[in-house]
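Right, one structure below, let's go through it.
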Amino acid sequence: MTADGNTNRYDEFVDLFSANARRVYSFIYAMLPRWADADDVFQETSRVLWQKFGEYQSGTNFFAWARQIARYQALYFRQRQQRSRLKFSDAFLDAVAATAAEHSDRLEAEQRALAECMEKLKPRQRDIILARFAPQATTKSVAEKLGMTTDAVYKALARIQATLLECIERVIYKPFHEREERE
């Protein structure tokens, strides 16, 4: 492999890992009862993901691949931690892992839908919602920044959030409704 090929592969790993790290960590945490254990397994999983990245096929589902590695790392960790008082069966952990994966997929769909719906907002609506959810922002600080009353900001946020919720539900459930109509 050329130096450029190595650089491209490294960049691909960084992009994919960055986009999925939170989901991988959430998956691990769902399988392990303590934050410290989840942190340890996440670090080891991250190392193994990089180590085995040559086996990953570009264009396939990185999260599904990473989730399998994380699952094996969590099971291996449990085997090493026989001194722990809290023990779960492998069947229970498999059920938790499956549920965590399902929730993770739903969360990803909701995040994509939110991004799509944010784009559909009017610029003023987008400004209000982004200002309110900026770090350390308060409704009062947003009102002052945008020249509105606090009450007007509360009302605008309620309308915008209702609009976003309706849009997200349409985006997520649209494929389901389209399938129903075809059947």
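Overview of results
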item	result
Average accessible area per residue (Å²) across the chain - probe 1.4 Å, nucleic acids and ligands excluded	68 Å²
Residue among 136, 125, 68 with the largest mean-square fluctuation in a Gaussian network model of the chain, springs linking Cα atoms under 10 Å	136
Calculated P(r) tail over 21 Å for segment 21-128, as whole % of Cα pairs	45 percent
Dipole magnitude (debye, nearest 20) for the chain, charges at Cβ of Lys, Arg, Asp, Glu	620 debye
The chain: projected area of the alpha-carbon convex hull, averaged over directions, in nm²	16.5 nm²
Carbon and sulfur %, accessible surface of the chain computed with the full protein complex present, 1.4 Å	53 percent
Extended-chain gain in nm, criterion 0.36 nm per residue less alpha-carbon gap, residue 148 and residue 112	9.9 nm
Simple Cβ-charge dipole of segment 1-81, Lys/Arg +1 and Asp/Glu -1, about Cα centre, in debye nearest 20	400 debye
Under the Karplus curve 6.51 cos²θ - 1.76 cosθ + 1.60, θ = phi - 60°, whole-Hz ³J(HN,Hα) for segment 15-20, x wherever Gly or Pro sits	4, 5, 5, 4, 6, 10
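The values are calculated or read from the model by the stated rules, or taken from the named source; none is laboratory data. On a predicted model such as this, the values are computed, not experimentally measured, just so you know. Quick reminder, even Gly has a Cβ in these numbers, built from the backbone with ideal geometry, and neighbours come from all protein chains shown. The area values use the complete protein model at the heavy-atom level, side chains included, leaving out ligands, DNA and RNA. Shrake-Rupley method; radii C 1.70, N 1.55, O 1.52, S 1.80 Å.
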